[in-house]
Amino acid sequence: MSSDESDLADLRTVADYQFGADAGEALFPPGTPLSISRSTSGRPRQIHAAEERIVTYATDGRFTLGLAGGRRLVAAADAPRNRVVVGSESEPFVRDGKNVFAKFVRDVDEAVRPDDEVAVVHENGDVLGVGRAELAADAMLDFDAGMAVKVRKGAGD
(Lines give C-alpha, C1' and ligand atoms only; values in the text may rest on other atoms or scores of the structure.)
Protein backbone atom coordinates (compact mmCIF):
# COMPACT_ATOMS: atom_id res chain seq x y z
CA MET A 1 0.00 0.00 0.00
CA SER A 2 1.45 3.37 -1.01
CA SER A 3 1.74 6.30 1.36
CA ASP A 4 -1.20 8.10 -0.31
CA GLU A 5 -3.38 4.97 -0.11
CA SER A 6 -2.50 4.53 3.56
CA ASP A 7 -3.22 8.19 4.24
CA LEU A 8 -6.57 7.95 2.43
CA ALA A 9 -7.59 4.99 4.58
CA ASP A 10 -6.75 7.02 7.69
CA LEU A 11 -8.51 10.11 6.33
CA ARG A 12 -11.64 8.06 5.61
CA THR A 13 -11.63 6.90 9.23
CA VAL A 14 -11.37 10.48 10.47
CA ALA A 15 -14.21 11.54 8.15
CA ASP A 16 -16.43 8.69 9.40
CA TYR A 17 -15.77 9.78 12.98
CA GLN A 18 -16.35 13.48 12.33
CA PHE A 19 -19.28 13.35 9.88
CA GLY A 20 -20.80 9.91 10.48
CA ALA A 21 -20.73 6.47 8.88
CA ASP A 22 -19.82 6.34 5.20
CA ALA A 23 -18.65 9.98 5.09
CA GLY A 24 -15.09 8.82 4.33
CA GLU A 25 -16.25 6.98 1.22
CA ALA A 26 -18.33 10.00 0.17
CA LEU A 27 -15.46 12.46 0.56
CA PHE A 28 -12.70 10.22 -0.78
CA PRO A 29 -14.27 7.58 -3.08
CA PRO A 30 -11.97 4.72 -4.05
CA GLY A 31 -10.70 5.01 -7.61
CA THR A 32 -11.20 8.78 -7.76
CA PRO A 33 -8.00 10.71 -8.46
CA LEU A 34 -7.17 12.91 -5.48
CA SER A 35 -4.30 15.27 -4.88
CA ILE A 36 -2.88 15.44 -1.36
CA SER A 37 -0.68 18.40 -0.48
CA ARG A 38 1.49 17.93 2.57
CA SER A 39 3.04 19.99 5.31
CA THR A 40 6.83 20.17 5.59
CA SER A 41 6.68 17.21 7.98
CA GLY A 42 4.82 15.12 5.37
CA ARG A 43 1.44 15.26 7.11
CA PRO A 44 -1.60 15.50 4.78
CA ARG A 45 -2.99 19.05 4.74
CA GLN A 46 -5.15 19.77 1.70
CA ILE A 47 -7.07 17.17 -0.28
CA HIS A 48 -8.22 18.22 -3.76
CA ALA A 49 -10.07 16.58 -6.64
CA ALA A 50 -10.27 18.15 -10.10
CA GLU A 51 -8.82 21.45 -8.86
CA GLU A 52 -11.44 21.78 -6.09
CA ARG A 53 -10.63 21.57 -2.39
CA ILE A 54 -12.50 18.77 -0.68
CA VAL A 55 -11.12 19.31 2.83
CA THR A 56 -8.25 20.70 4.81
CA TYR A 57 -6.92 18.40 7.52
CA ALA A 58 -6.23 20.77 10.39
CA THR A 59 -3.58 20.29 13.06
CA ASP A 60 -6.32 19.55 15.61
CA GLY A 61 -7.15 16.35 13.69
CA ARG A 62 -10.44 17.62 12.25
CA PHE A 63 -11.46 18.49 8.73
CA THR A 64 -12.61 21.87 7.51
CA LEU A 65 -14.87 21.46 4.50
CA GLY A 66 -14.26 22.89 1.09
CA LEU A 67 -17.23 23.52 -1.17
CA ALA A 68 -16.53 20.28 -3.08
CA GLY A 69 -16.47 18.37 0.22
CA GLY A 70 -19.80 19.89 1.28
CA ARG A 71 -21.35 18.88 -2.02
CA ARG A 72 -20.03 15.33 -1.66
CA LEU A 73 -21.42 14.97 1.87
CA VAL A 74 -24.82 16.34 0.87
CA ALA A 75 -25.02 14.05 -2.17
CA ALA A 76 -24.18 10.95 -0.11
CA ALA A 77 -26.46 11.44 2.91
CA ASP A 78 -30.16 11.83 3.50
CA ALA A 79 -31.35 15.31 4.49
CA PRO A 80 -30.70 16.98 6.85
CA ARG A 81 -27.51 15.09 7.83
CA ASN A 82 -24.43 17.36 8.07
CA ARG A 83 -26.36 20.39 6.88
CA VAL A 84 -28.20 23.54 7.82
CA VAL A 85 -31.15 24.35 5.57
CA VAL A 86 -32.13 27.94 4.74
CA GLY A 87 -34.78 29.53 2.53
CA SER A 88 -34.64 31.81 -0.48
CA GLU A 89 -34.26 34.98 1.60
CA SER A 90 -30.79 33.79 2.72
CA GLU A 91 -29.62 32.29 -0.57
CA PRO A 92 -27.87 35.31 -2.15
CA PHE A 93 -26.11 36.19 1.10
CA VAL A 94 -24.80 32.69 1.79
CA ARG A 95 -23.65 32.31 -1.83
CA ASP A 96 -21.62 35.49 -1.27
CA GLY A 97 -20.01 33.97 1.84
CA LYS A 98 -22.12 35.82 4.41
CA ASN A 99 -22.99 34.11 7.69
CA VAL A 100 -26.27 32.36 8.45
CA PHE A 101 -28.39 33.73 11.28
CA ALA A 102 -30.63 31.56 13.44
CA LYS A 103 -33.90 33.20 12.44
CA PHE A 104 -33.36 32.06 8.82
CA VAL A 105 -32.66 28.39 9.61
CA ARG A 106 -35.49 26.19 8.29
CA ASP A 107 -34.05 22.78 9.25
CA VAL A 108 -30.83 21.36 10.66
CA ASP A 109 -29.27 18.00 11.45
CA GLU A 110 -30.25 17.43 15.09
CA ALA A 111 -26.73 16.14 15.82
CA VAL A 112 -25.06 19.48 14.94
CA ARG A 113 -23.09 21.03 17.81
CA PRO A 114 -21.11 24.25 18.03
CA ASP A 115 -17.84 24.04 16.05
CA ASP A 116 -19.11 21.25 13.76
CA GLU A 117 -18.43 21.59 10.04
CA VAL A 118 -21.65 21.83 8.04
CA ALA A 119 -22.93 22.44 4.55
CA VAL A 120 -25.43 25.28 4.19
CA VAL A 121 -28.14 24.14 1.81
CA HIS A 122 -31.14 25.84 0.19
CA GLU A 123 -34.44 24.11 0.91
CA ASN A 124 -34.45 22.92 -2.73
CA GLY A 125 -31.20 21.00 -2.05
CA ASP A 126 -28.58 23.30 -3.64
CA VAL A 127 -25.38 23.67 -1.62
CA LEU A 128 -24.93 27.38 -0.96
CA GLY A 129 -21.80 27.27 1.19
CA VAL A 130 -19.83 25.55 3.92
CA GLY A 131 -18.80 26.66 7.36
CA ARG A 132 -18.67 26.13 11.09
CA ALA A 133 -21.76 25.85 13.30
CA GLU A 134 -21.85 28.47 16.05
CA LEU A 135 -24.93 27.09 17.80
CA ALA A 136 -26.32 23.66 18.60
CA ALA A 137 -29.11 22.41 16.32
CA ASP A 138 -31.92 23.03 18.81
CA ALA A 139 -30.71 26.58 19.44
CA MET A 140 -30.60 27.30 15.69
CA LEU A 141 -34.27 26.38 15.46
CA ASP A 142 -35.33 28.11 18.69
CA PHE A 143 -33.46 31.42 18.54
CA ASP A 144 -34.66 34.48 16.65
CA ALA A 145 -31.27 36.16 16.84
CA GLY A 146 -27.62 35.18 16.72
CA MET A 147 -25.24 33.64 14.24
CA ALA A 148 -25.98 30.00 13.46
CA VAL A 149 -23.19 29.26 10.95
CA LYS A 150 -19.98 31.13 10.25
CA VAL A 151 -19.73 30.62 6.51
CA ARG A 152 -16.18 30.02 5.29
CA LYS A 153 -16.92 29.66 1.57
CA GLY A 154 -20.01 30.53 -0.41
CA ALA A 155 -20.91 28.87 -3.72
CA GLY A 156 -20.69 32.22 -5.49
CA ASP A 157 -17.29 33.25 -4.07
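The values are calculated or read from the model by the stated rules, or taken from the named source; none is laboratory data. As the structure is a computational prediction, the values presented were derived from the model and not from experiment. Cβ placement follows ideal geometry from the backbone for every residue including glycine, while neighbour counts extend to all protein chains displayed.
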Looking across the range 105-114 at residues that are surrounded by fewer than 19 Cβ atoms within 10 Å (Cβ to Cβ) and not aliphatic (A, V, I, L, M), the single one that is farthest from Gly154 (Cα to Cα) is Glu110
| query | Within the range 21-37, is even one residue surrounded by fewer than 16 Cβ atoms within 10 Å (Cβ to Cβ), touching a Leu at 6+ places or on another chain (Cβ under 9 Å) and at pLDDT below 95? | reply | yes
Of the listed residues (Val105, Val84, Val94), the one being in the same structural domain as Ala136 (by TED's automatic domain parsing), within 12 Å of the chain's Cα centre (by Cα) and among the aliphatic types (A, V, I, L, M) is Val84
Residue count, the range 85-114, condition touching a Lys or Arg at 6+ places or on another chain (Cβ under 6 Å), of a type outside the set (A, V, I, L, M, F, W, C) and within 25 Å of Ile54 (Cβ to Cβ), comes to 2
Here the residues within the range 74-119 that are of a type outside the set (Val, Ile, Thr), closer than 15 Å to Phe19 by Cβ and touching an Asp or Glu at 6+ places or on another chain (Cβ under 9 Å) are Ala76, Ala77, Ala79, Pro80, Arg81, Asn82, Arg83, Asp109, Glu110, Asp115, Asp116
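Would a scan of the range 75-90 turn up a residue that is at positive phi, buried (at least 23 other Cβ atoms within 10 Å of the Cβ), touching a helix residue (DSSP H, G or I) at 6+ places or on another chain (Cβ under 7 Å) and of a type outside the set (A, V, I, L, M)? Quick ask: steps written out before the conclusion?
Going through the range 75-90, the residues at positive phi turn out to be 82.
With the extra rule that they be buried (at least 23 other Cβ atoms within 10 Å of the Cβ), the set shrinks to 82.
Still in the running and touching a helix residue (DSSP H, G or I) at 6+ places or on another chain (Cβ under 7 Å): 82.
If we keep only those that are of a type outside the set (A, V, I, L, M) too, we end up with 82.
Yes, because at least one residue in the range 75-90 is at positive phi, buried (at least 23 other Cβ atoms within 10 Å of the Cβ), touching a helix residue (DSSP H, G or I) at 6+ places or on another chain (Cβ under 7 Å) and of a type outside the set (A, V, I, L, M).
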